[in-house]
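Visitor: Please read through the structure below; I'll follow up with questions.
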Amino acid sequence: MKQVVISGSGLFTPPHSISNEALVESFNAYVDMFNLENAGLIEQGHIAALSYSSSEFIEKASGIKHRYVMVKEGILDPEVMMPLIPERSSEDLSMQAEIGVEAALMALNHANLKAEQIDLVIVACAYTQRAYPAMAIEIQRALGTRGYGYDMQVACSSATFAIVAAANAITTGSASRVLVINPEICSAQVNYRDRDSHFIFGDVATALVLEEQSLVAPGTGFKILSSRCFTDYSSNIRSNFGFLNRCDPSSAHQPDKLFHQQGRKVFKELLPMIYQHLDEHLGEQDLTPQSFKRLWLHQANINMNQFVVKKLLGDEVSPQQAPVVLDEYANTASAGSVIAFHKFSGDFTAGDLGLLSSFGAGYSIGSIILQKC
């Protein structure tokens, strides 16, 4: 069977940044406005007063200190509280394609390839800014790649599931070189008026090049030794936004059209699934958690990551074994584990093992065992 190698990675970081402190100042100003405007209803007990957020609360709940966004205007305005993103002409490159192209060019350069050598583009992310034409096909044209392209969405597991799809395309012969791109503009789906989630997400784009190993210079990249995917339906992490919303004007702009979750239920239900999934995957390959030089885990929540790491490796785990990037980037949906891989894989030597894993809405879990060539 053909061996598949990840030969290049790319990371595009947006131009604007927002600290916890700036986000909290904006949110608390909104709280003051809301409580003042609704003082009568609050006094009568018809609605509850809103409570302040704080940097300490955010960091303790999530480990997040900072995030990057494509458009900062509007987010910190208590009367707006969303990114004011101008609509582009259909003739212009869309924003999501634009950042996807930037990450893809970095990955191609890393793999020492030209765009015309790619014959499949997969755009995999939690949100796409339109249903069709596919973002992947738009990027295909912008880059000048050959073959075909398509979009896929598996929420926070989109990247790992796309890597599996790309590897399958190579092993079956429908492609020889694949670009997997994760352009995440999550800021547009954040409810900045919700204390429990106003801080969670940031924007980013990542990309990976996958190739048949016979096309790659010896010693280049990471071999995909094994992969495993799992899904189990749950509404505990959800966004109800879609084209059917316009058909019911009475609810088209309700908060459920943005990201929302039941965090305690997610923690209670998903974490055992993650551990069981990884335990079974490693067991199938006769590996133990100690076999791996590094775990590149999904970057959603520091408490969730620490739970998984401690379950696998015990209490004494160094930051190098399971690096965290969500303190800088926040939760970037599917891109988080790829950011960690991109930033913390340069010190691997031949034979070293690494585990790339995602988990999130769906529920969905993906794990990929990689070995340095």
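The values are calculated or read from the model by the stated rules, or taken from the named source; none is laboratory data. On a predicted model such as this, the values are computed, not experimentally measured, just so you know. Positions of Cβ are generated from backbone atoms using ideal geometry, with glycine treated the same way; all protein chains shown enter the neighbour counts. SASA here: full protein model, heavy atoms, side chains in, ligands and nucleic acids out. Shrake-Rupley method; radii C 1.70, N 1.55, O 1.52, S 1.80 Å.
Visitor: A 23 angstrom limit on the alpha carbon distance is what I want to check against. Which of LYS257/LYS310; LYS268/LYS311; LYS60/LYS268; LYS60/LYS310 exceed it?
Guide: Working: LYS257/LYS310 35 Å; LYS268/LYS311 14 Å; LYS60/LYS268 18 Å; LYS60/LYS310 18 Å.
In this structure, LYS257/LYS310 exceed 23 Å between Cα atoms.
Visitor: Expressed as cubic angstrom per residue, what is the convex hull volume of the alpha carbon set of the range 252-373? Please report the intermediate quantities before stating the final value.
Guide: Numbers: hull volume 14.5 nm³, N = 122.
In the range 252-373, the Cα hull volume divided by residue count equals 118 Å³.
Visitor: Taking +1 at the Cβ of each Lys and Arg and -1 at the Cβ of each Asp and Glu, which of ALA335, ALA166, GLY63 sits farthest along the dipole of the chain towards its positive end, judged by Cα position relative to the Cα centre?
Guide: ALA166
Visitor: Counting only heavy atoms of protein chains, what accessible area per residue, in Å², does the range 267-358 have with a probe of 1.4 Å?
Guide: 41
Visitor: Sticking with this structure for a sec: Enumerate by residue number the chymotrypsin sites (Phe, Trp or Tyr not before Pro) in the range 228-291 meeting two conditions: DSSP loop (anything except H, G, I, E, B), and at most 13 other Cβ atoms within 10 Å of the site's Cβ.
Guide: The qualifying sites are TYR233.
Visitor: If HIS342, HIS198 are ordered by their accessible area, calculated over protein heavy atoms with a 1.4 Å probe, which sequence runs from highest to lowest? Before the final figure, lay out the partial values.
Guide: Values: HIS342 65, HIS198 5 Å².
Sorted descending by solvent-accessible area, the residues read HIS342, HIS198.
Visitor: What accessible area per residue, rounded to a whole number of Å², is obtained for the range 206-251 using a probe radius of 1.4 Å?
Guide: Accessible area per residue, the range 206-251: 59 Å².
Visitor: Hey, rough spin-label estimate for ASP92 and ASP248, points 7 angstrom out along Cα→Cβ, what's it come to in nanometres?
Guide: Rounded to a tenth, the inter-label distance reads 3.4 nm.
Visitor: Now for a separate question. Heavy atoms only, 1.4 Å probe, whole protein assembly: order TYR148, TYR52, TYR192 by accessible area, highest first.
Guide: The most accessible residue leads, giving TYR52, TYR148, TYR192.
Visitor: Let me ask something additional. Which length gain, in nm to one decimal place, applies between GLU79 and THR349 when the Cα-Cα distance is subtracted from 0.36 nm times their residue separation?
Guide: Working: separation 270, 0.36 × 270 = 97.20 nm, distance 5.23 nm.
So the extension gain works out to 92.0 nm.
Visitor: Here's a follow-up. Please identify the GluC sites (Glu not before Pro) of the range 30-69 that satisfy two criteria: DSSP loop assignment and at most 10 other Cβ atoms within 10 Å. Which are they?
Guide: For GluC sites (Glu not before Pro) across the range 30-69 that sit outside H, G, I, E and B with at most 10 neighbouring Cβ atoms in 10 Å, the list is empty.
Visitor: If the label point is 7 Å along Cα→Cβ of SER291, which residues in the range 330-373 have backbone nitrogen under 16 Å from it?
Guide: 351-357, 367-373, by backbone N distance to the label point.
Visitor: Figure the gain on full extension for GLU59 and SER214 (residue separation times 0.36 nm, minus the Cα-Cα span) and round it to one decimal in nm. Intermediate results must be reported in sequence, preceding the final value.
Guide: Values: separation 155, 0.36 × 155 = 55.80 nm, distance 4.58 nm.
The GLU59-SER214 span can extend by a further 51.2 nm.
Visitor: As a test of understanding, state the convex hull volume per residue of the range 205-310 from its alpha carbons, in Å³.
Guide: On the way: hull volume 19.0 nm³, N = 106.
Each residue corresponds to 179 Å³ of Cα convex hull volume.
Visitor: How much accessible area per residue does the range 122-190 have, counting only protein heavy atoms and a probe of 1.4 Å, in square angstrom?
Guide: Details: 2370 Å² over 69 residues.
The answer is 34 Å² per residue.
Visitor: Now for a different question. For the chain, what does -39500 (n - 2.57) per DSSP helix run (n ≥ 4), summed and divided by total residues, give at 222 nm, in deg cm²/dmol to the nearest 500?
Guide: -9500 deg cm²/dmol
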